[in-house]
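Shown next, in structure tokens, is the structure this report addresses.
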Amino acid sequence: MKIQQENILLEPPQVKICGLTRADQSVACADLGADAIGCVFYPKSPRNVSLDQAKEIIHALPPHVKGTGVFVNAAYDEIMQTIDYCGLKAVQLHGQESSDLVRRLIQQKIIVIKALFMTREPFLHQAREYPVSAYLVECGKGQLPGGNAMTWNWKDTREFGKAHTMILAGGLTPENVAEAFSDAIPAAVDVSSGVESSPGIKDLGKVASFLNAVKNCRAIHTLKKIF
């Protein structure tokens with residue numbers, strides 16, 4: 001099948017900086033070139049934020065940067081109330097959410113991202129159960145639902161990324177993101193601890209280095225814009 005030339009992109013992936021806890025740092029990350037900013041709504045996370053914190057962070061962003069809420073097995077009503085109060089443009093579901101909950105959120109015409117894992121459920125082969133905007137893929141080891149700063153074999157996701165809109169996460173840093181992109185060719189990359197000085201506090205020098213490294217990543221691929 002012939003692919004139309006305008007659908008072939010020679011460009012880097014988009015970037016989501018996750019786990020923000022301060023409005024000034026969210027603005028700085030946006031100014032440096034982030035496409036999306038993530039706020040974590042999970043009490044067990046060291047990056048967990050209150051609704052008021054998140055509202056301040058999200059409302060400080062320029063319109064083109066998507067404020068994203070990260071939830072773990074939260075109820076539909078809780079997610080919707082958080083979206084409305086904080087002004088979220090996207091949600092990331094990082095637990096064992098039901099396909100019904102996912103479909104209800106999609107009906108709200110927001111960006112919905114579902115996390116899939118290599119080592120635990122939901123696995124990559126379960127993607128068809130979640131007709132979302134994109135899939136965030138990571139290893140899934142560790143005590144917390146997130147990447148836990150662990151590097152892993154990103155190349156294992158390459159075939160999945162050819163068939164699905166994929167965000168790559170887990171163990172990414174300014175030093176290895178180019179290698180990870182080359183291995184997996186994702187539509188976007190997601191980083192949190194890899195650009196921090198302490199949990200929830202970003203090292204803006206590392207953020208700049210990460211974004212510069214991503215800008216140098218190029219591949220001919222039908223990358224779909226997520227944010």
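The values are calculated or read from the model by the stated rules, or taken from the named source; none is laboratory data. What you see is a predicted model, and the numbers here were worked out from it, not measured in a lab. All Cβ positions, even for glycine, are placed from backbone atoms using ideal geometry, and neighbour counts span all protein chains on display.
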- Message: Within the range 112-133, does at least one residue satisfy the condition of being within 25 Å of Asp52 (Cβ to Cβ) and modelled with pLDDT of 95 or more?
- Response: yes
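If I filter the range 140-153 down to residues being surrounded by fewer than 21 Cβ atoms within 10 Å (Cβ to Cβ) and of a type outside the set (Gly, Ala, Ser), which single residue comes out as modelled with the highest pLDDT?
Filtering the range 140-153 down to residues surrounded by fewer than 21 Cβ atoms within 10 Å (Cβ to Cβ) leaves 141-144, 148-153.
Cutting the leftovers down to of a type outside the set (Gly, Ala, Ser) gives us 141, 143-144, 148, 150-153.
Details: Lys141: 67, Gln143: 60, Leu144: 56, Asn148: 47, Met150: 66, Thr151: 72, Trp152: 81, Asn153: 87.
Once the filter is applied, the top-ranked residue is Asn153.
For the range 1-17: of the residues being surrounded by fewer than 20 Cβ atoms within 10 Å (Cβ to Cβ) and either charged (D, E, K, R) or part of a loop (DSSP other than H, G, I, E, B) (or both), which is modelled with the lowest pLDDT?
We begin by selecting, within the range 1-17, every residue surrounded by fewer than 20 Cβ atoms within 10 Å (Cβ to Cβ); these are 1-11.
Imposing the further condition that a residue be either charged (D, E, K, R) or part of a loop (DSSP other than H, G, I, E, B) (or both) reduces the set to 1-4, 6, 8, 11.
Numbers: Met1: 37, Lys2: 40, Ile3: 40, Gln4: 43, Glu6: 46, Ile8: 52, Glu11: 80.
If we take residues in the range 1-17 being surrounded by fewer than 20 Cβ atoms within 10 Å (Cβ to Cβ) and either charged (D, E, K, R) or part of a loop (DSSP other than H, G, I, E, B) (or both), then Met1 is modelled with the lowest pLDDT.
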- Just to be sure, is Ile58 under 18 Å from the mean Cα position of the chain (by Cα) and farther than 21 Å from Ala30 by Cα? no
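Going through Ala163, Ala187, Ala213, Ala219 one at a time, which residue ends up being over 16 Å from the mean Cα position of the chain (by Cα) and surrounded by 20 or more Cβ atoms within 10 Å (Cβ to Cβ)? Let's see the steps before the verdict.
On the way: Ala163 fails: surrounded by 20 or more Cβ atoms within 10 Å (Cβ to Cβ); Ala187 fails: over 16 Å from the mean Cα position of the chain (by Cα); Ala219 fails: surrounded by 20 or more Cβ atoms within 10 Å (Cβ to Cβ).
The conditions single out Ala213.
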- Task: Mind listing whichever residues of the range 190-206 are part of a helix (DSSP H, G or I), over 17 Å from the mean Cα position of the chain (by Cα) and either hydrophobic (A, V, I, L, M, F, W, C) or at positive phi (or both)?
- Result: Leu204
- Which one of Arg158, Arg218 is at pLDDT below 95 and closer than 16 Å to Leu124 by Cα? Arg158
- Task: Might you check whether a residue that is out of contact with any His (no Cβ under 9 Å at 6 or more places or on another chain), over 20 Å from Ser209 (Cα atoms) and in a helix (DSSP H, G or I) occurs anywhere in the range 18-40?
- Result: no
- Item | Qualifying positions in the range 36-59 - surrounded by fewer than 19 Cβ atoms within 10 Å (Cβ to Cβ) and not hydroxyl-bearing (Ser, Thr, Tyr) | Pro43, Lys44, Pro46, Asn48, Leu51, Asp52, Gln53, Glu56, His59
